[in-house]
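All remarks here apply to the structure that follows.
The values are calculated or read from the model by the stated rules, or taken from the named source; none is laboratory data. Remember, it's a predicted structure, so these values are computed and weren't measured experimentally. Cβ placement follows ideal geometry from the backbone for every residue including glycine, while neighbour counts extend to all protein chains displayed. Ligands, DNA and RNA are excluded from the accessible area calculation, which covers all protein heavy atoms including side chains. Shrake-Rupley method; radii C 1.70, N 1.55, O 1.52, S 1.80 Å.
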Amino acid sequence: MRVLILGCGYVGTEAGRQLVAAGHSVVGVCRSAERFEELKSMGLQPEVGDLTRREDLERLPGPFEGVINTVSSSKGGAAEYRSVYLEGTRTVLDWLRSQPLKRYAYTSSTSVYAQTDGSWVDESSPATPAGETGSLLRDTEDLLLDANRERSVPAVILRVAGIYGPGRGFLFQKFLAGEATISGDGSRFINMVHRDDVASALVRLMDPTLAAGIYNCVDDEPLPQGEFLRWAAQSLDRPVPPSAPEPAPGTRKRGVSHKRVSNARLRATGWAPAYPSWRDGYRAWVEAIRAGQPIPAAQLGATEA
Ligand SMILES: NC(=O)c1ccc[n+]([C@@H]2O[C@H](COP(=O)([O-])OP(=O)(O)OC[C@H]3O[C@@H](n4cnc5c(N)ncnc54)[C@H](OP(=O)(O)O)[C@@H]3O)[C@@H](O)[C@H]2O)c1
């Protein structure tokens, strides 16, 4: 397959690397040429482009059978969400009419599930985010679901949990900086997934024989927020962070939820995470710190989903 990756950031670049390793031909789009050498070294063909600009899409060296959209709002607010996710997807969908498309994949977020009762949620659970940014993610999903219904656009939506991996991990980095607090009694569930497993899910979903629609992308072990911090403290012989009141609803961009996200539908495609538990995924980083090795530079973009 010739695959286009829009937004070669933390996840998109790894997805590109895995696709090339699996024998696909991959064009990777960045907003600047700064990372061209890195992408070339992984076998990707780098191109500069902005998905909100139709003329940039027209210039790309297609035709493409697979398109993966992993652009992010770069920590922006509602205006950036609207421009990059909603309007960007609209622009891409329009341009895709000219492509021999077999599969389109878009990375949404498990933050669209606003449940606060600690229940298990799957793709059929209500997804009604309270905040404006969450609603924009849902609107983007709906745009793709409508395009699938009305024009048979073979779109899959990956609802991704809090991403961690080399150099990135929202709560862990707060812990290392001495800024983490246990929320309330620490029992609120959070959900994580390793970057490499998000990438392998995107690769798996390029198979056009799999059903279009929504798939959750999360590891096997939702965990209480306090348990993670107590584990980090114990693993690194550091003090357990203090407790603080739960953040008030509406104080975080992606909301404050309490739910356990199921990956059963994604697993049923044959995908299996290399890091089924965050304990596996953080092992190398913890061991590096214990061995006194330098901590990788923080990567932007992490959220608690
Ligand atoms: N991080 C998390 O914990 C998390 C959780 C749930 C879902 N997600 C979703 O997962 C996806 C991948 O996240 P990530 O962490 O890999 O993001 P990331 O590291 O921030 O990478 C996103 C990439 O998109 C590029 N980009 C932004 N706007 C663009 C535009 N208009 N045109 C073309 N490229 C553009 C950025 O380019 P520049 O380098 O030029 O800025 C960046 O390289 C995103 O859709 C994100 O919303 C993330």
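Please indicate, with yes or no, whether at least one residue in segment 14-26 is assigned to a helix (DSSP H, G or I), closer than 20 Å to Arg159 by Cβ and within 12 Å of the ligand (Cβ to nearest atom).
yes
Give all pairs with beta carbons closer than 6 Å in which a residue from segment 157-177 that is hydroxyl-bearing (Ser, Thr, Tyr) and modelled with pLDDT of 95 or more meets a residue that is more than 8 Å from the ligand (Cβ to nearest atom) and open to solvent by 10 Å² or more (accessible area, probe 1.4 Å); count only pairs at least 6 apart in sequence or on separate chains.
Tyr164/Met192
How many residues are assigned to a helix (DSSP H, G or I) and within 11 Å of the ligand (Cβ to nearest atom) if we restrict to segment 27-54?
First pass over segment 27-54, keeping only residues assigned to a helix (DSSP H, G or I): 33-41, 54.
Narrowing further to those that are within 11 Å of the ligand (Cβ to nearest atom): 33-35, 39.
Residues in segment 27-54 being assigned to a helix (DSSP H, G or I) and within 11 Å of the ligand (Cβ to nearest atom): 4 in total.
Go through segment 120-142 and give me each residue that's of a type in the set (A, V, I, L, M, F, W, C) and buried (at least 19 other Cβ atoms within 10 Å of the Cβ). So that I can check it myself, show each step before the final result.
Going residue by residue through segment 120-142, those that are of a type in the set (A, V, I, L, M, F, W, C) are 120-121, 127, 130, 136-137.
Result: Val121, Ala127, Leu136, Leu137.
Give the residues of segment 13-46 that are in contact with a helix residue (DSSP H, G or I) (Cβ under 6 Å, 6 or more places away or on another chain) and either at pLDDT below 95 or among the hydroxyl-bearing types (Ser, Thr, Tyr) (or both), sorted by residue number.
If the condition is that a residue be in contact with a helix residue (DSSP H, G or I) (Cβ under 6 Å, 6 or more places away or on another chain) and either at pLDDT below 95 or among the hydroxyl-bearing types (Ser, Thr, Tyr) (or both), then no residue fits.
If the Cβ limit is 9 Å and pairs must be 6+ apart or interchain, which residue in segment 39-51 that is in contact (Cβ under 8 Å) with a residue 40 or more places away in the chain pairs with which residue that is part of a loop (DSSP other than H, G, I, E, B) and open to solvent by less than 50 Å² (accessible area, probe 1.4 Å)?
Sorted first by the residue in segment 39-51, then by its partner, the pairs are Gly49/Leu60; Leu51/Gly7; Leu51/Val71.
Are any of the residues in segment 190-206 open to solvent by less than 60 Å² (accessible area, probe 1.4 Å) and free of Cβ contacts under 8 Å to residues at least 12 places away in the same chain? Walk me through it before giving the result.
Step one: list which residues in segment 190-206 are open to solvent by less than 60 Å² (accessible area, probe 1.4 Å), which gives 190-203, 205-206.
Now restrict to residues that are free of Cβ contacts under 8 Å to residues at least 12 places away in the same chain: none.
Scanning segment 190-206 turns up no residue that is open to solvent by less than 60 Å² (accessible area, probe 1.4 Å) and free of Cβ contacts under 8 Å to residues at least 12 places away in the same chain.
When the residues of segment 229-260 are narrowed to those that are touching a Phe, Trp or Tyr at 6+ places or on another chain (Cβ under 7 Å) and modelled with pLDDT of 95 or more, which ends up nearest to Pro208 (Cα to Cα)? First the steps, then the outcome.
Filtering segment 229-260 down to residues touching a Phe, Trp or Tyr at 6+ places or on another chain (Cβ under 7 Å) leaves 229, 232, 241, 257-260.
Of the ones still in play, those that are also modelled with pLDDT of 95 or more are 229, 232, 241, 259-260.
Details: Leu229: 40, Ala232: 40, Pro241: 46, Lys259: 31, Arg260: 29 Å.
For segment 229-260, the residue satisfying everything is Arg260.
Find the residue count for segment 81-117, including only residues that are under 30 Å from Leu223 (Cβ atoms) and more than 8 Å from the ligand (Cβ to nearest atom).
Summing the residues that are under 30 Å from Leu223 (Cβ atoms) and more than 8 Å from the ligand (Cβ to nearest atom) in segment 81-117 gives 8.
Every residue, every condition in (1) more than 18 Å from Pro63 (Cβ to Cβ); (2) more than 17 Å from the chain's Cα centre (by Cα), yes or no:
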{"residue": "Ile5", "(1), (2)": "no, no"}
{"residue": "Gly12", "(1), (2)": "yes, no"}
{"residue": "Val26", "(1), (2)": "no, yes"}
{"residue": "Glu34", "(1), (2)": "yes, yes"}
{"residue": "Ser41", "(1), (2)": "yes, yes"}
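State the number of residues belonging to segment 109-119 that are crowded, with 23+ Cβ neighbours inside 10 Å and either of a type in the set (A, V, I, L, M, F, W, C) or free of Cβ contacts under 8 Å to residues at least 60 places away in the same chain (or both).
Counting residues in segment 109-119 that are crowded, with 23+ Cβ neighbours inside 10 Å and either of a type in the set (A, V, I, L, M, F, W, C) or free of Cβ contacts under 8 Å to residues at least 60 places away in the same chain (or both) gives 1.
Considering only segment 56-71, state which residues are more than 10 Å from the ligand (Cβ to nearest atom) and in a loop (DSSP other than H, G, I, E, B).
Matches in segment 56-71: Arg59, Leu60, Pro61, Gly62, Pro63, Phe64, Glu65.
Is it the case, given these coordinates, that Ala21 is over 24 Å from Gly213 (Cβ atoms) and either open to solvent by 60 Å² or more (accessible area, probe 1.4 Å) or in contact (Cβ under 8 Å) with a residue 60 or more places away in the chain (or both)?
Details: over 24 Å from Gly213 (Cβ atoms): yes; either open to solvent by 60 Å² or more (accessible area, probe 1.4 Å) or in contact (Cβ under 8 Å) with a residue 60 or more places away in the chain (or both): yes.
Answer is yes for this residue.
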